[in-house]
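Engineer: Just passing along the structure, written as structure tokens.
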Amino acid sequence: MKSQATALANYTQSAPRAATAWAEGIQSTTKDQAALAVAAIPRMVTGFNEAANSGRIAAGLNRGGTSYWKSQSQAKSSAFSLGIQNGAGNFGIAIGKILSAEAQIVNSLGPRGDIMTNLQRSQQFALGLHQLKGQLGAR
């Protein structure tokens, strides 16, 4: 029987091999992952609701508590920075669309004025952005 230390060492030492297999699996698949994910939404919602209603989600959150969340989040701070770096291209595309949309909306507004006029301008701006909901992402 393996000891806890041996099991832990085997687990952590398998990371490079597992990462390679993971990347190879992604590259070699011919399945439509987006379609599969969309098809799984009803099961996801059902499973989430069952877990929430049975108390499993609350129990899991309370098991470690805030101190566990803090320690795990801090341990992953480099992943946060890496995620920002890896997502920079998509951010650039999306922010370009957002800034362009904002400029078009602002240019379509009437002149600034008293508080009521400015509140209407603000509402028109918000509604203009709302009409573009789902269209300003990177993809």
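Engineer: Which of the residues spanning the range 1-28 are in a loop (DSSP other than H, G, I, E, B) and either of a type in the set (A, V, I, L, M) or surrounded by 10 or more Cβ atoms within 10 Å (Cβ to Cβ) (or both)?
Structural biologist: Within the range 1-28, MET1, SER14 meet the criteria.
Listed here are the residues, each with its yes/no results for (1) surrounded by 10 or more Cβ atoms within 10 Å (Cβ to Cβ); (2) on the phi > 0 side of the Ramachandran plot.
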site	(1), (2)
ALA59	yes, no
GLY65	no, yes
TYR68	yes, no
SER73	yes, no
LYS76	yes, no
LEU82	yes, no
GLN85	no, no
ILE93	yes, no
GLY96	yes, no
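Engineer: Can you run down the residue pairs with Cβ atoms below 9 Å, 6 or more apart or on separate chains, where the first is in the range 76-91 and assigned by TED's automatic domain parsing to the domain that holds LEU136 and in contact (Cβ under 8 Å) with a residue 60 or more places away in the chain and the partner is surrounded by 11 or more Cβ atoms within 10 Å (Cβ to Cβ) and of a type outside the set (S, T, N, Q)?
Structural biologist: Every condition considered, no pair remains.
Engineer: LYS31 passes all but one of (1) out of contact with any helix residue (DSSP H, G or I) (no Cβ under 8 Å at 6 or more places or on another chain); (2) charged (D, E, K, R); (3) closer than 25 Å to GLY137 by Cβ; (4) surrounded by 11 or more Cβ atoms within 10 Å (Cβ to Cβ); which number fails?
Structural biologist: Checking LYS31 against (1) out of contact with any helix residue (DSSP H, G or I) (no Cβ under 8 Å at 6 or more places or on another chain); (2) charged (D, E, K, R); (3) closer than 25 Å to GLY137 by Cβ; (4) surrounded by 11 or more Cβ atoms within 10 Å (Cβ to Cβ), the one that fails is (4).
Engineer: Can you tell me how many residues within the range 48-87 are over 30 Å from ALA138 (Cα atoms) and not aromatic (Phe, Trp, Tyr)?
Structural biologist: The total comes to 21.
Engineer: Six or more apart or on different chains, Cβ under 7 Å: which pairs go from a residue in the range 112-139 that's at pLDDT 95 or above to one that's exposed (fewer than 10 other Cβ atoms within 10 Å of the Cβ) and not charged (D, E, K, R)? Could you list them?
Structural biologist: Close Cβ pairs satisfying both conditions: ARG121/GLY110.
Engineer: Restrict the check to the range 88-106 and report whether at least one residue is closer than 30 Å to ALA52 by Cβ, part of a helix (DSSP H, G or I) and modelled with pLDDT of 95 or more.
Structural biologist: No, that holds for no residue.
The values are calculated or read from the model by the stated rules, or taken from the named source; none is laboratory data. What you are looking at is a predicted structure, and each value in this text was computed from that prediction instead of being measured. Here the Cβ is made from the backbone with ideal geometry for all residues, glycine too, and neighbour counts use every protein chain on show.
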